[in-house]
Amino acid sequence: MTARPSSDMTPSTGRESPLRATLRIPSGARPLFAGYGVLAGLAIFYLIIDPSARSLSQLNIQVNSALTLILITAGQIIVIMTGELDLSVGGVVSLTTCLAATMLQGSLGDGAVVIILVIAAAAGMLNGILVAYLNLPSFIVTLATWSIFDGLAFYVLNQPGGTIPLSYVNALTRNYFGVSVAVYVLVALVMVWLWFRRTRLVSKFRALGSNREGAREAGIDTRRVMVLAFVLSSVLSAAGALYLVSQLGDGDPTVGASYVLFSVAAAVVGGTALVGGRGDLLAAISGGLIITLLGSVVFALNLASFWQIVATGVILLFAAGLGSLVRRRDI
Amino acid sequence: MTKLRSLRRRTKWHGEVVAAYLVALVLFLIGSVAIHGFATVTNLRTILTLASFIGIAAAGQTAVVITGGVDLSIPWIMSSSALLLGVLAHSNGSLAWAIPVVLACGAGIGAVNGIGVAYFGISPIIMTLAMNTILSGIATEISTSLSVNVPSQISNLSSEHVGPFTVDVFIWIVVGIVVLVYLGLTVPGRSIYSVGANMKVSRFSGIRVQTSLVSAYVVSGITAVCAGVIVAGYGGQAFGGLGDPYLFSSVAAVAIGGVSIYGGSGSYAGAAAGALIVACLGAILAAMSLGAGTLDVVYGVVIIAAMLLIRIPSIKVRLRSKRQSASVKVTEVGDADADADAEVEVSTATNGGTQ
């Protein structure tokens, strides 16, 4: 925990015009720029080695394959802000794809999406209550609930299968005005975040992560805020999984496991410090895109696909180790 | 007598450990009464063999959890070592050097985990989760095929038996005793407890904190390799998903066994009982023809329940004084005794928590 106050926690002053306040870049956002710098470098490298990728449709392709990870990472970052970690995203993603593959074709139709999101919210609430009200460490709680949600996913579908209605797939995978749905979702995410990051709730998330005792003394209901963070994480993960099924075409009770590491990796690579108290959802976008682009680069270089996995792990360790060493020197 | 008591204390045989063994026994009795054909020697042998897999994997997990960390790389250390053993044994045909090589690889992976945690300050979860993923990538590349047959000497380990005890169970007993003695009676083992209980004080007391941390992860790497090899022997072949169930089950065994997830306390004697309980539960669920999904749910519930049960005496105190110290209503209720207790709790809690 660092006691150093980060300037993005202080609410904007009344003098500033709302527009400028919205667009203001917090000074604590330097790692964020590093993330986008890496993204830009990687994108340029990719465009150099793969000339066929130099088209606007490539943007759609990359965002389509990154959106799931971006949404899950966004949730993970909210939890990281509060100084905790959510390993259960793996279980939530698996469970959601299985529920979607069985419920979307049922009598409810697309209305099942609402029910699935409510189930995810309940899952997040379970995490939050166990962490905040029973005061258990988050990594062990979410490890346990990861196992529970995985098990429930196996109940719903004991092997990859089920059906995603064609209408649902079409609605999410087609382009509108030459731009895919995923890009619109991404733009919406940025818009919502630009508003959301100035709300009290986000300040409370960060307050929890930087000094929990202080946050409580300041009159913040830390437990309720913590539960909210976990609920948001699960709902965002479920939203990511609901997009994922349109790409997969079916449900898979094991699909979520890889997203546990990838979401943390994307958060860290995007410039999120794991210490809590800091973090910006914009890091989810750069981080998610970097890891997805890494896959494309590995493919374009004709390397075996395992290199994407290995590289992601190594980059995460490198970024985490670097961050920790830098912080240690600060103290 | 005092010597015996000090041995008992130092190896941490507490009431909860005995209780855990009783729970395992009761579970077996319940299974015997409720399920026809459960109380046979063959079934007992199966349960003990499955328990030995969990138990061996949990041995290293215990050491790591005592430091206040957790080893999430066990599944793919198991899978990749089994795959590597299969590949090495096929290319050369000799186990005499294949097994030491695989064990050395396990120790090496554990050392990398430990160095990342101890010297680079990476949180144990991130370090071992990343290691797990890296190994999954490398292993699928090494094996080139989805599964590799293991030599018959290895698969015989789980078929040759004396009464209800297969060779696997004897290996477990040996590994268990070694880990128990290492953690409980040797200086490096005791310093693992010390580091888990309070890293700062340990450093000031002259304990090599970093070396201790690394040693715990090395133990975990080695025991994960042992577990991976004998699990592969049980099925006759090594494959990628071989270690997957042992992520949750090893943590569950450790949590049930009364090893504090905050670090600093607990014993392998408890975790071994936890392995028996988890294996018994698995056998009962399998006999009731409930699939893998149920087992996953049970692992999760059991982990949470175990943590809550262990902390029942302190939970009220902690809830009162730690969470709500600001709230006036509660400070009126809280008494001085409880607050003093809670402070001890808090100090142990803070050094084991996630970053």
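Per the listing B:Leu135, B:Leu146, B:Leu129, the residue uniquely within 21 Å of A:Ala257 (Cα to Cα) and more than 10 Å from chain A (Cβ to nearest Cβ) is B:Leu146. Residues in segment B:45-95 that are assigned to a helix (DSSP H, G or I), more than 17 Å from B:Val148 (Cβ to Cβ) and of a type in the set (S, T, N, Q): B:Thr46, B:Thr49, B:Ser52, B:Gln61, B:Thr62. Screening segment A:74-86 for residues that are more than 14 Å from chain B (Cβ to nearest Cβ) and under 8 Å from the mean Cα position of the chain (by Cα) and picking the one that is surrounded by the most Cβ atoms within 10 Å (Cβ to Cβ) gives A:Gly75.
Of all residues in segment B:96-150, those satisfying the criterion of being outside any helix (DSSP H, G or I) and either free of Cβ contacts under 8 Å to residues at least 12 places away in the same chain or not hydrophobic (A, V, I, L, M, F, W, C) (or both) are B:Tyr119, B:Phe120, B:Gly121, B:Ile122, B:Ser123, B:Thr144, B:Ser145, B:Ser147, B:Asn149. Could you grab me the full set of residues in segment A:225-260 that are among the aromatic types (Phe, Trp, Tyr) and within 14 Å of chain B (Cβ to nearest Cβ)? Across segment A:225-260, the qualifying residues are A:Phe230, A:Tyr259.
Counting only helices (runs of 4 or more DSSP H) that sit completely within segment B:246-355, those holding 2 or more residues that are within 14 Å of another protein chain (Cβ to nearest Cβ) and at pLDDT below 70 correspond to B:312-318, B:328-333, B:336-352. When restricted to residues that are loosely packed, with under 15 Cβ neighbours inside 10 Å, in contact (Cβ under 8 Å) with a residue 24 or more places away in the chain and assigned to a helix (DSSP H, G or I), segment B:151-180 contains 2.
Hey, among A:Leu166, A:Leu143, A:Leu152, which residue is farther than 26 Å from A:Thr222 by Cα and surrounded by 14 or more Cβ atoms within 10 Å (Cβ to Cβ)?
Only one candidate passes the filter, namely A:Leu152.
Listed by first and then second residue, the pairs with beta-carbon distance under 7 Å, at least 6 apart or on different chains, first residue in segment B:229-247 and more than 21 Å from B:Ser73 (Cβ to Cβ), second in a helix (DSSP H, G or I) and hydrophobic (A, V, I, L, M, F, W, C), are B:Gly233/B:Ile154.
Residue count for segment A:82-136 satisfying the condition of being under 24 Å from A:Leu166 (Cα atoms) and either free of Cβ contacts under 8 Å to residues at least 40 places away in the same chain or of a type in the set (Asp, Glu) (or both): 10. Listed by first and then second residue, the pairs linking a residue in segment B:28-41 that is farther than 14 Å from B:Met288 by Cβ to a residue that is outside any loop (DSSP other than H, G, I, E, B) and small (Gly, Ala, Ser), with Cβ atoms under 6 Å apart and 6 or more places separating them unless they lie on different chains, are B:Ala39/B:Ser32.
Selection of helices (runs of 4 or more DSSP H) fully inside segment A:216-318 by the criterion of at least 1 residues being free of Cβ contacts under 8 Å to residues at least 60 places away in the same chain and within 14 Å of the chain's Cα centre (by Cα) returns A:257-269. In segment B:196-214, the count of residues that are touching a helix residue (DSSP H, G or I) at 6+ places or on another chain (Cβ under 8 Å) and within 11 Å of chain A (Cβ to nearest Cβ) is zero.
None of A:Ser258, A:Ser286, A:Ser305, A:Ser263 is of a type in the set (Ser, Thr, Tyr) and closer than 16 Å to A:Val190 by Cβ except A:Ser286. Scan segment A:145-166 residue by residue and report those that are more than 7 Å from chain B (Cβ to nearest Cβ), touching a Gly at 6+ places or on another chain (Cβ under 6 Å) and small (Gly, Ala, Ser). If the condition is that a residue be more than 7 Å from chain B (Cβ to nearest Cβ), touching a Gly at 6+ places or on another chain (Cβ under 6 Å) and small (Gly, Ala, Ser), then A:Gly162 is the only one that fits. With respect to B:Gly221, is the statement that it is in contact with a Lys or Arg (Cβ under 7 Å, 6 or more places away or on another chain) and surrounded by 15 or more Cβ atoms within 10 Å (Cβ to Cβ) true? Here the answer is no, as B:Gly221 does not meet what is asked.
Scanning segment B:114-126 for residues that are more than 7 Å from every other protein chain (Cβ to nearest Cβ) and not β-branched (Val, Ile, Thr) returns B:Gly114, B:Ala118, B:Tyr119, B:Pro124.
Yes or no, residue by residue, for (1) over 30 Å from A:Gly214 (Cβ atoms); (2) basic (Lys, Arg); (3) crowded, with 23+ Cβ neighbours inside 10 Å; (4) more than 9 Å from chain B (Cβ to nearest Cβ):
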residue: A:Phe262; (1), (2), (3), (4): yes, no, yes, no
residue: A:Val268; (1), (2), (3), (4): no, no, yes, no
residue: A:Leu281; (1), (2), (3), (4): no, no, yes, yes
residue: A:Leu289; (1), (2), (3), (4): yes, no, yes, yes
residue: A:Ile309; (1), (2), (3), (4): yes, no, yes, no
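The residues listed here are A:Leu42, A:Leu47, A:Leu95; of these, the one that is at pLDDT 90 or above and part of a helix (DSSP H, G or I) is A:Leu95. Scanning segment A:116-133 for residues that are under 17 Å from A:Leu85 (Cβ atoms) and either of a type in the set (Gly, Ala, Ser) or within 7 Å of another protein chain (Cβ to nearest Cβ) (or both) yields a count of 5.
Residues that are over 27 Å from A:Asn60 (Cβ atoms), more than 18 Å from the chain's Cα centre (by Cα) and assigned to a strand (DSSP E or B) are absent from segment A:175-191.
The values are calculated or read from the model by the stated rules, or taken from the named source; none is laboratory data. This is a predicted model, so every value here is computed, not measured. Every residue, glycine among them, receives a Cβ derived from its backbone with ideal geometry; neighbour counts consider all protein chains shown.
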